[in-house]
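Below you'll find the structure, written out as structure tokens, and then a few comments.
Each value in this text was obtained by applying a stated rule to the coordinates, not by laboratory testing. Remember, predicted model here, so these are calculated numbers, not experimental data. Heads up, the Cβs are rebuilt from the backbone with ideal geometry, glycines too, and the neighbour counts pull from every protein chain shown.
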Amino acid sequence: MRFTMRRHNGAPAPIHEPTTPPDAFGKDGEVARDAYSSDVHDNASEHSEKQAGVQRIEAVSKSWTKMSLIIAYGTLLIIANITSLEMQVTGLLQPYAVSSFRAHSLLSTIAVVQSIVSSVVKPPIGKIADVFGRLEAFTFTILLYVIGYIMQALSRNVQTFAGAQIFWAAGLNGVLVLQQIFVADTSDLLNRALYSTLFDLPFLWTVWAGPHVGASILSTIKWRWGYGIWAIILPVCFIPLFISLLMNQLRAKKLGYDLGSAFRGRSIVHVFKNLGIDMDIGGLLLFSAAVSLILLPLTLAPNASGKWTNPSMIAMLVVGSVALLFFPFWETSKKLAPRAFFPKELFKQRTVIAGVLIAFFYFMAFYMSVFPYFYSYLVIVQGKSVVTAGNITRVFSFTSTIASVVVSLLIKYTAHYKYYVTFGSCIYIMGMGLMLAYRNQDSSTSTLIGTQIAIGIGGGFLNVPVQLGVQACASHQQVAAATTIWLTLLEVGGAVGAAISGAIWSTYIPQKLQAYLPAGTDYAPIYGDILVSGNYTLYPLESPERIAINQAYQETMRYLLIGALCASAPILPLTFWMKNYKLDEMKQPVEGVVFGSTEPSAPVKKSGWMFWKR
């Protein structure tokens with residue numbers, strides 16, 4: 001990223017100065033040749049430092065047509081609707097799928113697997129996008145997504161179901177991070193927050209439709225097809241985006257732009273060596289090992305023989321800790337990682353440091369309060385139906401989406417972002433306090449919803465502007481890295497929160513059930529299956545068993561919420577460490593045709609759409 005690409009077979013590929021045909025941007029949207037020429041020459045030295053995938057998207061960006069950009073964004077919005085609905089539906093199906101294997105208590109372990117994969121997959125996906133190209137990265141992630149769907153639908157035991165989360169989470173998070181990278185490629189800083197929230201808009205309807213669709217699936221085609229149907233729908237919806245990106249790559253090549261190539265070298269050995277350097281394979285492996293081997297024991301140990309004295313748990317923690325300690329040395333070494341996926345230049349900026357720490361604590365608190373056990377709490381302790389419990393758990397997504405749209409508009413018209421981060425942190429922490437105060441068996445449905453609205457508003461005002469602040473520190477070569485770093489630390493925070501949740505849940509629920517249940521009652525079926533613990537026909541409201549069950553789960557949820565409140569506390573002081581950028585006065589780190597501009601340079605305006613050539 002920050003080092004010049006090595007030469008092979010002589011000098012690097014020449015930077016072509018393209019001729020611009022009159023119809024490059026439409027028949028009434030000509031762009032002056034001198035704008036292209038100065039742009040090419042001004043960036044010639046910087047171009048050689050950019051990886052092939054970045055060169056490709058810049059070439060594509062310079063050759064966009066109005067229709068091809070509309071098709072790309074339209075397809076991404078369709079995919080966002082599909083993935084959003086799928087998440088709502090399968091999130092509701094998951095407790096029942098796991099319970100069919102008599103392993104409801106392993107929900108947190110599956111959540112940790114998802115969070116770990118979500119954490120470690122973003123850097124390699126970002127690297128694939130930078131090294132090979134955006135089209136290639138999108139295609140790869142869709143393939144992973146489909147494999148995950150198929151494995152979940154066909155799983156015959158909890159091990160296979162948990163293993164499928166690796167592919168599913170890799171595909172989902174790959175699509176999510178590539179959406180944000182694509183927005184960064186095609187928008188300026190002032191408009192970026194608004195365009196990045198486009199892919200959150202589906203949550204406004206899917207959060208309410210999801211529980212109904214999920215309940216219908218459970219009562220008709222059962223949970224397996226609830227996973228399998230998406231393996232058909234998603235690839236079909238991806239086709240227009242694939243064609244649009246492919247056609248514009250061919251168009252850029254025809255216009256004479258340098259698309260770059262990831263396969264550089266005099267021989268196969270050199271090609272693989274260069275790919276290893278460009279992908280920073282060593283750094284990715286170290287990071288993946290550190291995150292996985294440290295977090296997994298937190299949920300596995302309470303269920304393992306010997307628990308924390310189990311040799312396997314100790315070995316995982318030791319190896320993970322060693323990998324974590326060695327990781328910074330690898331990433332800062334010019335010899336070991338000349339193209340590190342965590343560029344050290346970014347971490348010299350306080351806004352990046354504060355931003356990634358805010359993301360970490362934000363998601364850590366979320367995974368100790370709302371996910372993965374809030375739905376189970378509503379069903380077991382509150383006695384809510386499948387649809388009602390699903391709707392309550394999705395109030396956060398709905399509210400945070402609205403809040404993110406509001407804050408994006410505020411950013412667009414004020415050109416500031418920091419004030420909203422501080423405001424959001426105050427609301428988020430307050431919401432966590434309200435959840436702790438009012439999360440009890442006697443709380444009304446409206447009270448439970450109110451607490452979710454509070455943290456949803458805080459989350460919406462935190463998420464979008466913090467990511468924007470981090471991206472504002474990066475060049476175009478680094479924007480994918482900055483985005484993936486921020487999203488990675490976000491997911492690591494979620495993984496830590498899920499791991500702690502699993503450790504608390506797996507430790508205290510069995511202990512408290514055994515202590516409170518009437519003598520002779522087997523706690524194992526209650527602990528292992530939500531269909532048993534949440535069955536008010538089997539264990540009526542005033543029965544000794546129901547009183548014991550609710551007390552055990554209620555007390556454990558209180559421990560989780562105390563932890564969530566503590567995790568959210570550092571967010572507020574961290575917001576003061578971020579720089580108060582004036583976004584409309586900053587140099588835009590993008591090239592080619594973008595949405596919006598803060599610099600008047602060769603505009604082409606057609607039918608309400610504004611494009612700018614840099």
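Would you grab the residues whose amide H sits under 5 Å from the one on SER187? Only those 5+ places off in sequence or on another chain, please, with H modelled 1.01 Å from N.
PHE595
Which order results if LYS418, LYS335, LYS579 are arranged by neighbouring Cβ count within 10 Å, fewest first? Write down the numbers at each step before the final one.
On the way: LYS418 18, LYS335 6, LYS579 14.
Going from sparsest to densest Cβ surroundings: LYS335, LYS579, LYS418.
Apply the a/c threshold of 1.5 to the C-alpha gyration tensor of the range 176-245 and tell me whether it is rounded, prolate or oblate.
oblate
Set the Förster radius R0 to 45 Å, insert the Cβ-Cβ distance between ALA524 and GLU585 as r into 1/(1 + (r/R0)^6), and round the FRET efficiency to 0.05.
0.10
The range 458-522 to the range 335-364: how many Å between their Cα centroids?
17 Å
Given points 7 Å out from each Cα along the Cα-Cβ axis, report the LYS273 to TRP225 separation in nanometres with one decimal.
With each label point 7 Å from Cα toward Cβ, the separation is 5.6 nm.
Can you check how the C-alpha radius of gyration of the range 359-474 compares to 2.2 N^0.38 Å, as a plain ratio?
1.13
Calculate, for TYR413 and CYS566, the FRET efficiency according to 1/(1 + (r/R0)^6) with r their C-beta to C-beta distance and R0 45 Å; round to the nearest 0.05.
Result of the calculation: an efficiency of 0.80.
Taking R0 as 41 Å, what FRET efficiency do you get between LEU285 and MET430 from their Cβ-Cβ distance, rounded to the nearest 0.05?
0.50
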